[in-house]
Number of protein chains: 2
Amino acid sequence: MSRIAILGAGRVASSLATALVEQGHQVTIGVRDQTRTRDWLVEPMVCTSIGEAVVGADVVFNATPGETSLERLSAVREELAGKILVDVSNAVERGLNGLPGTLTYPGSSLGEMLQAALPDTKVVKTLNTMLFTVMANPGSLSTPATVFVSGDHADAKATVTGLLQDLGWTPGSILDLGDIRTARGPEAMILAVPDLIAARGLAPFAITVAS
Amino acid sequence: MSRIAILGAGRVASSLATALVEQGHQVTIGVRDQTRTRDWLVEPMVCTSIGEAVVGADVVFNATPGETSLERLSAVREELAGKILVDVSNAVERGLNGLPGTLTYPGSSLGEMLQAALPDTKVVKTLNTMLFTVMANPGSLSTPATVFVSGDHADAKATVTGLLQDLGWTPGSILDLGDIRTARGPEAMILAVPDLIAARGLAPFAITVAS
């Protein structure tokens with residue numbers, strides 16, 4: 001059992017929170033606005049401020065909008081010290097249609113920016129290359145899928161790999177690309193997502209390495 | 001039977017040329033330096049200049065290094081008028097290790113740049129998201145693979161789809177993303193390739209949409 005904070009309260013956060021609670025983890029949701037009603041919040045999940053959620057956790061999932069994450073997480077830099085930060089977000093400037101347009105950090109990646117801004121935190125990038133429904137339910141796909149993992153800290157990647165298995169990812173589907181710089185490739189894949197959705201509809205998918 | 005020109009004489013060009021000849025197509029190789037020995041050139045392939053190869057073809061494959069392609073192909077703009085240009089290349093600035101570093105056209109794509117520079121040519125982007133060995137041999141993979149197709153011209157995409165099937169791609173593996181602007185997503189995937197090769201070795205792969 002891990003003490004997990006999930007920052008954000010969108011579809012990504014609710015999918016991950018629901019699945020991680022089912023696996024017996026203690027899950028706290030950290031949000032900016034605690035007054036909003038969120039139907040998917042069920043016992044024993046707790047909803048509190050971002051700072052308080054981080055303080056009570058060993059592993060923190062970043063499910064805030066990626067283009068806002070650097071500012072929001074830098075604001076809780078001290079609370080995040082010594083913890084694992086699992087960044088599942090995508091930092092993109094959205095087009096008029098609300099879909100991802102260009103990368104917020106071309107030539108770099110949000111994963112790298114977070115690790116540089118939070119040197120006492122162990123950042124692991126993963127789960128950002130699929131429809132949110134697949135993150136906690138890879139078995140919903142009929143063909144084998146890949147989940148990429150990038151990070152500078154082997155112990156943190158081992159912990160995250162365990163959590164990925166709790167979410168249904170088999171060891172063979174988890175591809176450790178290397179250090180946090182390798183987040184660039186998977187983060188750039190978001191550029192294909194609006195076109196994938198336009199071509200295929202909102203059907204579940206995961207960008208994958210066929211081998 | 002199509003009259004096909006393949007521009008370039010590297011591993012991509014030789015793989016495609018060999019497979020397309022086997023499928024009964026007439027293949028001409030267009031190169032800058034015709035004096036170099038190329039062991040893989042077999043009858044009835046012909047090797048000539050880029051301009052001459054284009055003139056005698058209906059479909060032209062661009063397998064020159066992507067970062068040089070805009071200049072090389074603009075030089076034969078008139079010869080390319082009215083033809084289909086299948087761009088299978090990746091335009092990247094290479095790092096010290098010779099592997100792709102950053103995109104040559106961030107915020108755009110080589111496919112779009114070529115279509116803009118060659119308005120009388122029908123540009124189709126495809127096959128740029130896999131190890132070269134897979135382009136003409138998708139059956140070498142043990143899991144289902146995707147080949148992306150982007151282009152503004154439906155008739156050209158239909159022709160290219162037929163050639164992809166000649167190369168072994170099943171109809172279900174061919175994913176038409178839309179117009180040439182949609183080349184941005186697949187082109188950005190090249191950023192993951194050096195890390196994939198570092199993590200997995202030179203094993204065949206294709207970046208794919210698991211569904």
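Tabulated data for the structure shown
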| quantity | calculated |
| --- | --- |
| Residue ID - farthest from the other protein chains (Cβ to nearest Cβ), chosen from residues in the stretch A:202-211 that are surrounded by fewer than 23 Cβ atoms within 10 Å (Cβ to Cβ) and among the aliphatic types (A, V, I, L, M) | A:Leu202 |
| Count of the stretch A:37-84 residues which are farther than 16 Å from A:His25 by Cβ and under 15 Å from the mean Cα position of the chain (by Cα) | 10 |
| Matching residues in the stretch A:94-134 - criterion: being touching a Phe, Trp or Tyr at 6+ places or on another chain (Cβ under 9 Å) and closer than 24 Å to A:Gln23 by Cβ | A:Lys125, A:Thr126, A:Leu127, A:Asn128, A:Thr129, A:Met130, A:Leu131, A:Val134 |
| Tally, over the stretch A:167-189, of residues that are among the aliphatic types (A, V, I, L, M), more than 10 Å from A:Val147 (Cβ to Cβ) and either open to solvent by 20 Å² or more (accessible area, probe 1.4 Å) or part of a strand (DSSP E or B) (or both) | 1 |
| Only listed residue being of a type in the set (Gly, Ala, Ser), within 13 Å of another protein chain (Cβ to nearest Cβ) and outside any strand (DSSP E or B), chosen from A:Ser150, A:Ser142 | A:Ser142 |
| Candidate set: the stretch B:85-112, residues that are more than 16 Å from the chain's Cα centre (by Cα) and either among the charged types (D, E, K, R) or not in a loop (DSSP other than H, G, I, E, B) (or both); chosen: the one modelled with the lowest pLDDT | B:Pro100 |
| Some residue of the stretch A:113-127 being assigned to a helix (DSSP H, G or I) and either touching a Cys at 6+ places or on another chain (Cβ under 6 Å) or open to solvent by less than 10 Å² (accessible area, probe 1.4 Å) (or both) | yes |
| Segments classed as strands (runs of 3 or more DSSP E), wholly inside the stretch A:1-81, with at least 3 members that are modelled with pLDDT of 95 or more and either within 24 Å of A:Ala91 (Cα to Cα) or open to solvent by 60 Å² or more (accessible area, probe 1.4 Å) (or both) | A:3-7, A:26-31, A:59-62 |
| Residues within the stretch B:82-103 that are surrounded by fewer than 20 Cβ atoms within 10 Å (Cβ to Cβ) and β-branched (Val, Ile, Thr), tallied | 1 |
| Options B:Leu118, B:Leu110, B:Leu114, B:Leu163: the member that is more than 23 Å from A:Thr143 (Cα to Cα), more than 13 Å from chain A (Cβ to nearest Cβ) and touching a Gly at 6+ places or on another chain (Cβ under 6 Å) | B:Leu110 |
| Conditions (1) touching a Ser or Thr at 6+ places or on another chain (Cβ under 6 Å); (2) within 11 Å of chain A (Cβ to nearest Cβ); number of the one not met by B:Asp176 | (1) |
| Filtered residue count, the stretch A:192-201, keeping only those that are surrounded by fewer than 24 Cβ atoms within 10 Å (Cβ to Cβ) and in contact (Cβ under 8 Å) with a residue 12 or more places away in the chain | 3 |
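The values are calculated or read from the model by the stated rules, or taken from the named source; none is laboratory data. The model shown is predicted, which means the values in this text are computed figures rather than measured ones. A quick note on method: Cβ atoms are made from the backbone with ideal geometry, for glycine too, and the neighbour counts reach across all protein chains shown. Surface accessibility is based on the protein's heavy atoms, side chains included, excluding ligands, DNA and RNA. Shrake-Rupley method; radii C 1.70, N 1.55, O 1.52, S 1.80 Å.
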